[in-house]
Amino acid sequence: MREPIPFVRPHISDDERAAVLAVLDSASLGGNGRVGAELEERLEELLDARHVLLTTSCSHAMELAAMVLGFTPGDEVIMPSFTFVTTASSVVREGATPVFVDIDEATFNLDPKLIEARITPRTRAIVPVHYAGHACAMDEIMAIARRHGLAVIEDAAQGLGASYGGRALGTLGDIGCLSFHTTKNIVGGEGGAFITNDDELAAQAEIVREKGTNRAKFLRGEVDKYTWVAVGSSFVPSDVLSAIVLAQLGKLEEIQERRRMLWERYQQLLQPLAERGDLILPVVEPRAQPNWHIYAIRVTDAERRDSLLNELRRRGIGATFHFVPLHSSPYAQERWGYCEGELPVTERVAESLVRLPLFPGLSDDDHGYVIGAIYDCFRPQLARRHSFHVRPSPPALAAGK
């Protein structure tokens, strides 16, 4: 009997185990340690960013961004509804109001053509979300932001290793936020990062994430003691978490390459179904260099999507849908009066999207089985005529080692 194929499985090896044991043996487990500092330096180099501050999650990085930008009650922040709840809750915690804007149907990212119509005198910022590690139209978004004097916070939770016009996601706006959640390309179980090229924002963020103290200056020897200087919280991760991410980062290229191979094989082998109108396949915009984080297809409607998901799950395949649009949530409807039907593209995408298994340890045989199962659901006669086995992968990655 075939083993179930999960939607995602972290790419963990002896490297991560050794890194964690080294931290445990050092007895230096807290935050702002040697390992955390090394990881921040590596990320700054990789991203070509002036400042990277580690956080315990991307949610905390987003909350940190909202705090340092000083959002207050009455402020408005433009963002997509097709996103994880943290994108909105991070600004709501500071009293600001999320203003949801529809997405582009091809990329599932914020549609820049719709942004300016939602800008008011109360608008403070725009939050583009780089869905699936595929960049938003940042040239257009940054031009709008500069024209109206707005800050830009990039929700690049899914974006490590991706770029736009040659620049890493998370470094194009005023602030960027990354995730190392267990579902991401590079994982720490949890964890995140706050990115900025602005020295003043970095200085404020350093204080906020250290409980509102100037402890970071003390650790660098810049002051002889540290004390409470502002409102803050506890966002600094332990060196145990940082050690896992640092070990993962050393394998970024091979992880990305395996993901790219799987993504492109999905794209190639599912093309006949797209040509017959059964599926809509993802696109890659010319200015975007993705990180192959998600492979998501669309079908014609919610009923057919649910039928496909049920059949794939019956076969032991961990396919899944994605975000329930935030504007359709009970909280948004009760608090701000949003109604279903206000963002038609967002709703259409959310009701028709299916994410397929994609992770470095996905074997060629399992990958072919997933594709064959999709053909069985739509075009059984085509499934019998096609072979979905692909050339062997590098042994270490195929075995998930």
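The values are calculated or read from the model by the stated rules, or taken from the named source; none is laboratory data. Not measured: the values here are computed from a predicted model. Note that each Cβ is placed from the backbone with ideal geometry, even for glycine, and that neighbours are counted across all protein chains shown.
Assessment of the stretch 60-72 against the conditions (under 30 Å from residue 330 (Cα atoms), in a strand (DSSP E or B) and in contact with a strand residue (DSSP E or B) (Cβ under 9 Å, 6 or more places away or on another chain)) yields no matching residue. Picking from residues in the stretch 88-110 that are aliphatic (A, V, I, L, M) and without any contact (Cβ under 8 Å) to a residue 60 or more places away in the chain, the one that is surrounded by the fewest Cβ atoms within 10 Å (Cβ to Cβ) is 92.
Part of a helix (DSSP H, G or I), assigned by TED's automatic domain parsing to the domain that holds residue 39 and closer than 30 Å to residue 355 by Cα: does that describe residue 140? Yes; evaluated as a whole, the condition is true for this residue. If you check 117, 151, 145, 156 for being touching a Leu at 6+ places or on another chain (Cβ under 6 Å), at pLDDT 95 or above and surrounded by fewer than 24 Cβ atoms within 10 Å (Cβ to Cβ), only one passes: 151.
For the stretch 287-297, residues that are part of a loop (DSSP other than H, G, I, E, B), out of contact with any His (no Cβ under 9 Å at 6 or more places or on another chain) and not hydrophobic (A, V, I, L, M, F, W, C) total 1.
For the stretch 159-174, the set of residues classified as surrounded by fewer than 23 Cβ atoms within 10 Å (Cβ to Cβ) and not in a strand (DSSP E or B) consists of 165, 166, 171, 174, listed by residue number. A Cβ distance below 8 Å, combined with a sequence gap of six or more or placement on separate chains, defines the contacts here; from the stretch 30-47, residues that are farther than 13 Å from residue 240 by Cα reach residues that are surrounded by fewer than 16 Cβ atoms within 10 Å (Cβ to Cβ) and among the charged types (D, E, K, R) in the pairs 44/50. Going by the conditions given, is residue 312 of a type in the set (A, V, I, L, M), crowded, with 22+ Cβ neighbours inside 10 Å and farther than 26 Å from residue 169 by Cα? It is true that residue 312 is of a type in the set (A, V, I, L, M), crowded, with 22+ Cβ neighbours inside 10 Å and farther than 26 Å from residue 169 by Cα. Would you pick out the residues in the stretch 97-127 that are in a loop (DSSP other than H, G, I, E, B) and touching a Pro at 6+ places or on another chain (Cβ under 9 Å)? Residues satisfying the conditions are 102, 104, 106, 107, 108, 109, 111, 127. The number of residues in the stretch 204-233 being among the hydrophobic types (A, V, I, L, M, F, W, C), in a helix (DSSP H, G or I) and at pLDDT 90 or above comes to 3. Annotation note: of 345, 284, the sole residue that is touching a residue at least 12 places away in the same chain (Cβ under 8 Å), assigned to a helix (DSSP H, G or I) and closer than 24 Å to residue 79 by Cβ is 345. Taking the stretch 184-218 as the range and being among the polar types (S, T, N, Q) and without any contact (Cβ under 8 Å) to a residue 40 or more places away in the chain as the test, the residues that pass are 213, 214. So which residues in the stretch 352-381 are in contact with an Asp or Glu (Cβ under 9 Å, 6 or more places away or on another chain), in a helix (DSSP H, G or I) and either surrounded by fewer than 17 Cβ atoms within 10 Å (Cβ to Cβ) or outside the structural domain of residue 294 (by TED's automatic domain parsing) (or both)? Listed by number, the list holds a single entry, 376. Can you spot a residue in the stretch 100-123 that is more than 22 Å from residue 8 (Cβ to Cβ), hydrophobic (A, V, I, L, M, F, W, C) and touching a Gly at 6+ places or on another chain (Cβ under 9 Å)? No, the conditions are met nowhere in the stretch 100-123. When 391, 335, 313, 304 are checked against the criterion of being basic (Lys, Arg), part of a helix (DSSP H, G or I) and modelled with pLDDT under 95, a single residue qualifies: 304.
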